[in-house]
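To start, the structure itself, in structure tokens.
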């Protein structure tokens, strides 16, 4: 996704099934990539508010509790942290083409709630280093 314009990314998402299918698959994959060993003893509700050109803001909540992770569309519980981002930058972020700290500092990623949690959670969803 590096070097791709927002329009190219959005066109790619449409080709692979559209916004709903992309987000459902991405959040399912995020939970599959969850590393319980990196979040021992932690509980969090991570809300993603993703601005899309076709559906407006789509909200997903990723719930981490008792060593497990699941994602649900919509508002399920009071979030610990809310991450707001547009669709192209969300894709860049989840594939590692955009650093979360840089996205926040440049205004591409809005963070409200527990900012320390926002920094910590990136390690919960990465592969082995």
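Computed from the coordinates by the stated procedures, all read-outs in this text should not be read as laboratory data. As the structure is a computational prediction, the values presented were derived from the model and not from experiment. Here Cβ is always computed from backbone atoms with ideal geometry, including for glycine, and neighbour counts include all displayed protein chains.
Model label sites at residue 59 and residue 36, defined 7 Å from Cα along the beta-carbon direction, differ in position by 2.9 nm. Normalising the Debye intensity of the chain to I(0), with uniform scatterers on Cα atoms only, and taking log10 at q = 0.09, 0.14, 0.16 Å⁻¹ returns -0.24, -0.59, -0.78. Remark on region 3-47: Rg and Dmax equal 14.6, 41 Å (Cα only).
Net length available on complete extension from residue 16 to residue 126 is 37.2 nm, with 0.36 nm assigned per residue and the Cα-Cα distance removed.
Relative contact order for the chain: what percent, with Cα pairs under 8 Å and sequence separation of 6 or more? Dividing the mean separation by the residue count of the chain yields 25 percent. Working from Cα positions, state the angle (0 to 90°, nearest 10) between the long axis of helix 19-32 and the longest principal axis of the chain. Orientation of helix 19-32: about 30 degrees from the principal axis.
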